[in-house]
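Scroll down for the structure; my scribbles are underneath it.
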Amino acid sequence: MAERAQYEELIRQFSAFGAVKREISRILPAECPGGSAAVLTLLGRHGDMRMSKLAELLAVDMSVTSRHVAHIADRGWIERFPDPADKRSRILRLTPEGQAQLDELSERTTQLLAHRLGDWTDDEVGQLTRLMTRLRASFDDCRATQTRAAAPTEVEKTTRTPAITT
């Protein structure tokens with residue numbers, strides 16, 4: 001297990017990561033804020049899905065998901081249609097306009113990352129991707145087990161910080 005000082009430095013780096021997220025947000029089109037971009041990205045990656053699945057993937061409340069979905073539906077980027085298995089539920093699907101918006105988002109973020117990480121080797125970019133994937137998976141595991149009410153460990157008590165906001 002890592003030393004306390006390493007976890008504290010990691011927390012500082014997480015806080016500093018807000019600057020990266022803010023720069024990415026600045027390159028998004030005004031009509032497609034971060035939440036909308038996340039919905040388009042997930043639909044592009046996973047295909048058609050129910051709103052409940054989307055909320056789970058976004059790790060946000062259903063009401064937040066509904067607002068994001070309404071925003072992009074109003075722009076014609078997705079369509080909602082009845083779920084054949086349960087007519088009370090809706091299936092979300094990217095429209096061709098939504099795919100075009102997603103392609104533009106991908107191009108913008110790819111260009112930004114290529115510019116900012118231009119002096120990184122392919123191996124370094126790959127290593128960062130693998131580590132971030134692993135980190136995310138560790139937190140996905142935590143989300144799945146949140147139902148247990150365990151007391152925080154000594155490390156958790158000493159490394160907690162307020163939520164990181166951007």
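Some points to look at:
- Peptides ranked, highest mean first, by Cβ atoms within 10 Å: ranges 71-79, 26-34: 71-79, 26-34
- For Asp83, the residues 5 or more places off, or on other chains, whose built amide H falls under 5 Å of its own are Ser89, Arg90, Ile91.
- Overall, the accessible surface of the stretch 1-152 at a probe of 1.4 angstrom is composed of carbon and sulfur to the extent of 54 percent.
- Sorting 94-103, 37-46 by average packing, meaning the other beta carbons within 10 Å per residue, from highest down gives 37-46, 94-103.
The values are calculated or read from the model by the stated rules, or taken from the named source; none is laboratory data. What you see is a predicted model; the values in this text were computed from it and never measured. All Cβ positions, glycine included, derive from the backbone under ideal geometry; neighbour counts span all protein chains shown. SASA here: full protein model, heavy atoms, side chains in, ligands and nucleic acids out. Shrake-Rupley method; radii C 1.70, N 1.55, O 1.52, S 1.80 Å.
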